[in-house]
Number of protein chains: 2
Amino acid sequence: MTVDDIRAAAARIDGAVVRTPLLPATWAASDRPLWLKPESLQPIGAFKLRGAYNAVARLDERVRRRGVVTYSSGNHAQAVAYAARAFGVEATIVMPDVTPQVKIDNTRGYGAEVVLVPIGQREAAANEIVADRGAVLVPPFDHPDVVAGQGTIGAEIVADLAGVDAVLVPVSGGGLASGIGTAVKALSPRTKVIAVEPELSATTTESLSADAAVDWPVERRARTIADGLRTQPSEFTFAHLREVLDGVVTVSEEQIRSAMAVLARKARLVAEPSGAVSLAAYLSRADQLPSGSTVAVISGGNVDPRLLADVLAERA
Amino acid sequence: MTVDDIRAAAARIDGAVVRTPLLPATWAASDRPLWLKPESLQPIGAFKLRGAYNAVARLDERVRRRGVVTYSSGNHAQAVAYAARAFGVEATIVMPDVTPQVKIDNTRGYGAEVVLVPIGQREAAANEIVADRGAVLVPPFDHPDVVAGQGTIGAEIVADLAGVDAVLVPVSGGGLASGIGTAVKALSPRTKVIAVEPELSATTTESLSADAAVDWPVERRARTIADGLRTQPSEFTFAHLREVLDGVVTVSEEQIRSAMAVLARKARLVAEPSGAVSLAAYLSRADQLPSGSTVAVISGGNVDPRLLADVLAERA
């Protein structure tokens with residue numbers, strides 16, 4: 001997966017995905033001017049549409065007609081459903097049977113079939129459907145086409161803000177961070193790319209220290225409020241992360257909640273906890289970050305309205 | 001004020017103002033596809049920056065150096081302060097002495113001097129400062145350069161969605177609606193331009209019926225929660241509105257609150273009540289609106305976080 005794959009992905013997703021603007025944060029520290037890249041404004045509310053759409057678009061038409069399959073309870077599920085509908089093909093989404101009804105309904109709302117299985121059987125169930133139907137698997141992050149799609153965000157940042165000093169990116173499975181990192185390092189080598197993750201799900205931090213992808217039990221990663229950041233890098237994404245990241249910082253749960261409130265109050269953006277970690281790092285971890293012009297990627301906005309209401313009321 | 005003034009304004013504000021994207025609302029009715037134009041994402045959180053920046057940019061440099069003055073307690077105050085700072089000139093903002101401290105602080109945050117006066121003396125006080133200092137008045141809506149700046153939104157909508165059937169625009173003083181209407185009617189004559197206002201401040205509806213700008217007492221207009229829509233058209237803006245509007249619809253207070261919740265939950269946008277009236281009309285007044293593809297202008301996002309928390313909690 002190289003910057004050429006990202007360029008090709010950009011051409012494929014053009015018109016189907018929102019070209020999000022960089023939003024200047026006029027309230028930021030003057031020695032570290034800040035811009036936000038609001039991927040929360042994508043049709044499904046998260047950056048995942050870029051990778052899913054690129055992966056579905058790249059399939060041979062005869063293969064695509066057999067349908068696409070994925071396993072996800074989150075934004076990737078809706079992204080694959082949305083992309084499949086755009087191409088007029090069937091999508092089957094395998095979800096854990098504990099998935100909140102609202103996420104099931106949203107995914108069905110894009111015309112996808114949802115198959116509920118016990119949480120440990122997600123990948124196996126998806127692979128079985130692939131084998132039965134001859135359909136194609138579009139994995140959440142562990143695939144070059146998906147990572148290339150996410151990388152288009154990095155290409156847009158560099159095109160809109162030449163010479164940016166630092167880009168802050170949420171990291172979990174590593175598709176977003178390795179895609180953005182690959183684009184930024186190829187197009188603007190002196191720009192620093194910093195990944196951000198919750199302290200309670202710090203698998204990239206630990207993997208970089210160990211110089212190998214670590215494996216935390218799912219219960220340990222599930223402690224964070226940032227429900228989009230409860231996975232961990234694969235061998236494939238870790239190989240990229242190790243090449244393209246200049247560092248990784250962690251943020252606390254309280255810093256994530258506080259950043260959500262700042263985004264709503266000062267940037268008029270609804271962010272989910274996972275989408276707010278990059279701003280949390282900017283606001284709380286300045287000592288661990290490069291100085292100069294900074295872009296924080298706000299990766300998604302699919303938050304429970306009650307949580308957003310609580311976060312706002314706490315700080316009113 | 002013609003489309004040529006709007007084209008000139010677009011060139012002046014380029015780079016200083018966010019080129020907001022059209023956001024497809026995938027959750028909208030399929031026979032009336034909807035896009036949102038999120039002016040809430042401008043640096044000061046509202047469309048007002050376009051008009052204020054254009055007006056300040058258009059001044060002769062020697063005149064501008066004497067400073068700019070306005071009267072406003074709302075988004076226009078911050079817009080003029082922001083624009084003045086961008087040009088390195090002084091801004092003096094006259095505000096009613098009942099203005100909430102947060103709005104005073106925000107305006108001072110952009111480096112402006114704030115002068116507090118009794119509410120009935122705002123215009124007189126501003127005019128006195130203009131006379132004393134030789135500074136220039138940048139009025140909130142009753143000025144061709146301000147209206148031309150707001151009109152750039154209409155030009156962007158037509159450029160991004162050729163052949164759009166309807167554009168829904170909040171109306172109050174009429175600067176936004178007459179600017180957008182002038183651009184849209186010149187560039188896409190068959191597109192319908194519909195103004196939207198609160199039932200409790202329905203001065204455009206009444207003015208169009210009477211075919212003359214009516215005058216409601218300020219206390220009557222102040223009943224609406226939409227604090228940005230508590231003024232009324234001037235002779236200047238009404239003359240434009242009468243030419244360019246295809247209709248005007250009103251929305252209830254409850255419909256405004258409900259639209260705010262929909263924007264946060266489904267579009268991940270924080271909108272102020274005034275910014276949500278266009279979506280309120282789309283959701284609640286379909287029988288009074290054109291069919292086909294629709295753009296709703298979300299004019300601003302400067303809302304009290306407690307109100308947003310309440311609106312979300314009520315509907316969770």
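The values are calculated or read from the model by the stated rules, or taken from the named source; none is laboratory data. Note that the coordinates shown come from a computational prediction; the quantities given were computed from them, not determined experimentally. When we count neighbours, we look across all protein chains shown, and the Cβ atoms used for this are built from the backbone with ideal geometry, even at glycine.
Out of B:PRO96, B:PRO144, one residue alone is surrounded by 15 or more Cβ atoms within 10 Å (Cβ to Cβ) and over 22 Å from B:PHE236 (Cβ atoms). It is B:PRO96. Being over 30 Å from A:LEU308 (Cβ atoms) and among the hydrophobic types (A, V, I, L, M, F, W, C) holds for only one residue in A:ALA195, A:ALA210, A:ALA166, A:ALA202, and it is A:ALA210.
Please indicate, with yes or no, whether at least one residue in the stretch B:249-260 is within 14 Å of chain A (Cβ to nearest Cβ) and closer than 23 Å to B:GLY151 by Cα. Checking the stretch B:249-260: not a single residue is within 14 Å of chain A (Cβ to nearest Cβ) and closer than 23 Å to B:GLY151 by Cα. Being touching a helix residue (DSSP H, G or I) at 6+ places or on another chain (Cβ under 8 Å) and closer than 22 Å to B:LEU34 by Cβ is a condition met by no residue of the stretch A:25-37.
Conditions (1) in contact with a helix residue (DSSP H, G or I) (Cβ under 8 Å, 6 or more places away or on another chain); (2) closer than 22 Å to A:ASN302 by Cβ; (3) in a loop (DSSP other than H, G, I, E, B), marked per residue:
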{"site": "A:THR107", "(1), (2), (3)": "yes, yes, no"}
{"site": "A:ASP132", "(1), (2), (3)": "no, no, no"}
{"site": "A:THR152", "(1), (2), (3)": "yes, yes, no"}
{"site": "A:VAL158", "(1), (2), (3)": "yes, no, no"}
{"site": "A:GLY163", "(1), (2), (3)": "no, no, yes"}
{"site": "A:GLY179", "(1), (2), (3)": "yes, yes, no"}
{"site": "A:VAL184", "(1), (2), (3)": "yes, no, no"}
{"site": "A:GLU206", "(1), (2), (3)": "no, no, no"}
{"site": "A:GLU219", "(1), (2), (3)": "no, no, no"}
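In summary, A:GLU219 fulfils each of the numbered conditions (1) at pLDDT below 95; (2) in contact with an Asp or Glu (Cβ under 6 Å, 6 or more places away or on another chain) with the single exception of condition (2).
Screening the stretch A:278-313 for residues that are in a strand (DSSP E or B) and more than 14 Å from chain B (Cβ to nearest Cβ) and picking the one that is farthest from B:ALA309 (Cα to Cα) gives A:THR294. B:PHE47 satisfies every condition listed in (1) surrounded by 21 or more Cβ atoms within 10 Å (Cβ to Cβ); (2) of a type outside the set (Val, Ile, Thr); (3) farther than 24 Å from B:ALA264 by Cα except (3). If you filter the stretch B:24-41 down to residues that are touching a residue at least 60 places away in the same chain (Cβ under 8 Å) and either hydroxyl-bearing (Ser, Thr, Tyr) or buried (at least 24 other Cβ atoms within 10 Å of the Cβ) (or both), you find that the one that is farthest from the other protein chains (Cβ to nearest Cβ) is B:LYS37. The condition of being surrounded by 20 or more Cβ atoms within 10 Å (Cβ to Cβ), at negative phi, within 14 Å of another protein chain (Cβ to nearest Cβ) and at pLDDT 95 or above holds for A:GLU272. The set of residues in the stretch A:190-223 being among the β-branched types (Val, Ile, Thr) and either under 15 Å from A:LEU168 (Cβ atoms) or out of contact with any Ser or Thr (no Cβ under 9 Å at 6 or more places or on another chain) (or both) consists of A:THR191, A:VAL193, A:ILE194, A:VAL196, A:THR204, A:THR205.
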